[in-house]
1. Give me the extension gain from His183 to Arg13: residue separation times 0.36 nm, minus the current Cα-Cα distance, reported in nm with one decimal.
2. For His202, His121, which order do you get if you count the other beta carbons within 10 Å of each Cβ and list the fewest first?
3. Using helices alone, I'd like the mean residue ellipticity at 222 nm for the chain: each DSSP H run of four-plus residues gives -39500 (n - 2.57), total over residue count, nearest 500.
4. Going by C-beta contacts inside 10 Å, put Trp214, Trp77 in order with the fewest on the left.
5. Jot down the radius of gyration and Dmax of the stretch 50-105, Cα atoms only, both in angstrom.
6. Out of all DSSP beta bridges with both ends in the chain, state the antiparallel percent to the nearest 5.
7. How big is the Rg/Rh ratio for the stretch 200-277, C-alpha atoms only, Rh by Kirkwood, two decimals?
8. What is the local net charge at Ala186, summed over the other residues whose Cβ is closer than 13 Å to its Cβ (Lys, Arg +1; Asp, Glu -1)?
Amino acid sequence: MRLLPNPERAWERAAHVEPLDRAGIERRVGPFTGEAEVLSGGRANVNVRLGAERVLRVYRRDPGAAPKEASLLARGWRSFRVPAVLSAGDDFLVLEYVPHGPLQDTAACGAAAGRALAEIHAVGFESAGFLGPDLAVAAPFADCVGALRAHVDAVLDRLAPAVRGALGERVGAFLDPNAGALHALASAPVLLHGDFKASNLHWLPSGELLVLDWEFAYAGPSLMDVGQLLRWSPGPEFVAAFAGAYRAGAPLPDGFERWAAAFDLFNLVGLLEGAEPGSRRASDVLGRILATTSQPVETTRL
């Protein structure tokens, strides 16, 4: 059975990321026996499995994301699983460890992802923006698409000149003619997971979807999450089942795959920041950006 496509599994870890040593773990959870297994980590956070039942999740970039994520995990989701929060501190959560496997490229998994995302997106907001720990919009965007475009421009400005020039022109030539349609599609902000991709979606023996890593959640256009899920081109059965299940709980526009890819450009350009030139990450992301922007603009009109 084929796994959901995910080139990000092979991306290089940043060599300069500071590891979390045993003393750092025990400052947060107290003395413990056994080994500590690093599950994942980077600039934003690090996740360490402690024994068979606990995961320590430390928020390195934004400790304020911990209470927001704790609130999201405690919402009582019906169509998917999340880990329980066992304890919390200033910059960490201790979470239940839920045994799981990778998401498969099947209709069953596509339908589960569609049900989950429709339930998440059923939470609406009056304006897009960043969320506070009470899950209200604490920092609204006056213009959501404008804010996303400003983020893209800021990232492009920090890239190497040889990359910045050609890439900026290509991305701008794609986004600018579609600005009106993107604004229309972003007009009803919803709760976004913010990182709804294969790396954070897992399959349980019970046939349930497990959704992890909510720290980037915010209020914004639903197609941002859809674009992340479909970024690496899952199979047609997965996509069809996803769309059918999603539409049972939330609206999905005609041509959603193309528009989701357009919204994912905002995410993809952000992934270039900090990527080493010539790395797998840089190569995969640039390839996806070029594939998206190579489609004629005329075919993307609503």
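Readers should treat all values here as calculations from the given coordinates under stated rules, not as data from a laboratory. Note that this is a predicted model, so its numbers are computed, not measured. All Cβ positions, glycine included, derive from the backbone under ideal geometry; neighbour counts span all protein chains shown.
1. Additional length available on full extension: 57.7 nm.
2. Sorted ascending by nearby Cβ count, the order is His202, His121.
3. Per the formula, -12500 deg cm²/dmol.
4. Sorted ascending by nearby Cβ count, the order is Trp77, Trp214.
5. 12.3, 38
6. Roughly 95 percent of the DSSP beta bridges within the chain come out antiparallel.
7. My calculation puts Rg/Rh at 0.99.
8. -1
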